[in-house]
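Working notes, beginning with the structure itself.
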Amino acid sequence: MIILCSSSSTRAELLKKTGIEFIQKSCDFDEEKLNFTDPYEFVINASWGKFKECVKCFNDEIITADTVVTDGKNILRKAKSREDAKKLLLAQSGKEIKIITSMWVKINGKVYGRCDETIYEFFEFDESDLEKYLDSNEWQGKAGACMVEGFCKKYIKNVKGYESTAMGLCIEELINILKEEKCI
Ligand SMILES: Nc1nc2c(ncn2[C@H]2C[C@H](O)[C@@H](COP(=O)(O)OP(=O)(O)OP(=O)(O)O)O2)c(=O)[nH]1
């Protein structure tokens, strides 16, 4: 049985789409102790830290992941407040951003690691629409306060990469790994 070591409802929803059986468990790895400023280093080390914690607790097949947004200068993580979410979203309005997801998979005694990214070019976010989104609290728990399948969708000018990567788990590449290991 595959264990999705994540508290993320979005990751669970994405994994459900593959049709593979899994159970979701959270693992307590504190990303706050990481002090990488490079988004790739951060996301790879955060997901690896989660993976190592999970390997200690579970003998099963394991999937861990971490996702960050970057505007090219800063790492945009989860907002701590409505004001923080507004700041993070305004940093993305009218800009090109990258959403990077690193994933680790332990399967059949092998470990696969991947780092995928999706690049979005957004139109300027409409101010009143942004306020409505902020009032909805849907941004909570999401990297960069971003919802590519929700609020941000209508502002996508260009996109390069998978939507699943931007939502937190690159399902298309995970399916390739599972096929390689004859699990599906
Ligand atoms: N629905 C949705 N969720 C998103 C989007 N972008 C990022 N996320 C979510 C996926 C993850 O739950 C969260 C990124 O935070 P983390 O990678 O630290 O994961 P999280 O702490 O949620 O769970 P975990 O560390 O796996 O237990 O943001 C998006 O566009 N739509």
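Relative to the current alpha-carbon distance between Ser9 and Glu127, full extension at 0.36 nm per residue lengthens the span by 39.7 nm.
Computed about the Cα centre, the dipole magnitude for the chain is approximately 300 debye when only Lys and Arg (+1) and Asp and Glu (-1) carry charge, each at its Cβ. Amide H contacts of Ser7 (H built 1.01 Å from N, in plane; Pro and chain starts excluded): Cys27 sit under 5 Å, all sequence-distant by 5 or more or on other chains. Counting only Cα atoms, the size of the chain along its three principal axes is 49, 33, 27 Å, in decreasing order. Note: relative contact order over segment 2-180, using C-alpha pairs below 8 Å and six or more positions apart, is 22 percent.
Across segment 52-63, rounded Karplus estimates of 3J(HN,Hα) from the backbone phi angles (6.51 cos²θ - 1.76 cosθ + 1.60, θ = phi - 60°) give 5, 4, 5, 4, 5, 8, 10, 8, 6, 5, 10, 10 Hz, Gly and Pro being marked x. Remark: the Cys115-Glu180 segment gains 21.6 nm on full extension, using 0.36 nm per residue and subtracting the alpha carbon distance. Dipole orientation for segment 2-180: of the candidates Thr118, Asn74, Ile23, Ile23 has the Cα lying most toward the positive pole (charges on Cβ; Lys, Arg +1; Asp, Glu -1).
Taking amide H atoms as placed 1.01 Å from N in the peptide plane, the amide H of Gln24 lies under 5 Å from those of Leu4, each 5 or more residues away in sequence or on another chain.
Each reported figure results from applying straightforward, stated rules to the coordinates on display, with no laboratory input. Since this is a predicted model, take the numbers as computed values, not measurements. In this analysis, Cβ positions are derived from the backbone assuming ideal geometry, glycine residues included, and neighbour counts consider all displayed protein chains.
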